[in-house]
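The values are calculated or read from the model by the stated rules, or taken from the named source; none is laboratory data. The structure displayed is predicted, hence computed values, not measured ones. Every residue, glycine as well, gets a Cβ built from its backbone with ideal geometry; the counts of neighbours run over all protein chains shown. For the accessible areas, the whole protein counts, side chains as well, though only heavy atoms, and no ligand, DNA or RNA atoms are used. Shrake-Rupley method; radii C 1.70, N 1.55, O 1.52, S 1.80 Å.
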Amino acid sequence: DSDDAGAKGNFTLAVSRTPALLPDNDTCDTAMELIFSGQGVATDSGSTLYGLDQYDSFCGGVAGPDGVYKFNAGTGQIIDIAVASTEFSPILYLYKDACGEGSPVFCGVTNALETPPQAGGDYWLVIDSGGEAQWGAYDLTVTLTTPAPP
């Protein structure tokens, strides 16, 4: 296109196709296992760029590209999750026992959540976004703590 009818001329256009690579943790089957330090902290820097919309939040709303994590928490532990992103507003949902089909623990449009003491077992965290064109980089921190006895 040109600015006006008199603006014309020859040009060269080069196009190449580069396949978009899915994030490694785009599905429940490829969920990234979180490894916790001795202090009960696990971190990851990830991205939902080029991710597919595999899962819908159980708290409603339209969702976009997502990333999936799995981890094990002990009986009575509190799960504290923080996601920092300047590129999209995360929707977090946490399942127990099975990814995408397990018992819902939490769902919300938030960058942080803290659960009450849990029953323990296997958990799956889905980091989602609010629409198909909402994606980007994020930093995830999950902390497991055991409350002091009363």
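Using only the C-alpha atoms of the chain, find the volume of their convex hull and express it per residue in Å³.
Convex hull of Cα atoms, per residue: 144 Å³.
Taking 25 °C and 0.890 mPa s as the conditions, I'd like the Stokes-Einstein D for the stretch 61-118 in µm²/s, using the Kirkwood hydrodynamic radius from alpha carbon pairs.
196 µm²/s
Taking the Cα centre of the chain as origin, sum charge times position over the Cβ atoms of Lys and Arg (+1) and Asp and Glu (-1), and report the length of that vector in debye to the nearest 20.
Computed charge dipole of the chain: roughly 220 debye.
State in Å² the accessible area per residue of the stretch 58-137; use a 1.4 Å probe, count heavy atoms of protein chains only, and round to the nearest integer.
Ligands and nucleic acids excluded, the figure is 43 Å² per residue.
Could you sort 123-129, 64-70, 7-13, 42-48 so that the peptide with the highest average Cβ count within 10 Å comes first and the rest follow in order?
123-129, 64-70, 42-48, 7-13
Give me the percent of the accessible area of the stretch 24-150 that comes from carbon and sulfur atoms, probe 1.4 Å, all protein chains in place.
Taking all protein chains in place, the stretch 24-150 shows 51 percent carbon and sulfur surface.
Placing +1 on the Cβ of each Lys and Arg and -1 on the Cβ of each Asp and Glu in the chain, which of ALA137, GLY6, PRO19 has its Cα farthest towards the positive end of the resulting dipole?
Ranked along the dipole, the leading option is ALA137.
Per residue, what volume in Å³ does the Cα convex hull of the stretch 1-85 take up?
Convex hull of Cα atoms, per residue: 198 Å³.
At 7 Å along the Cα-to-beta-carbon direction for both ASP56 and THR75, put a label point, then send me their distance in nm to one decimal.
Result for the modelled spin labels: 3.7 nm.
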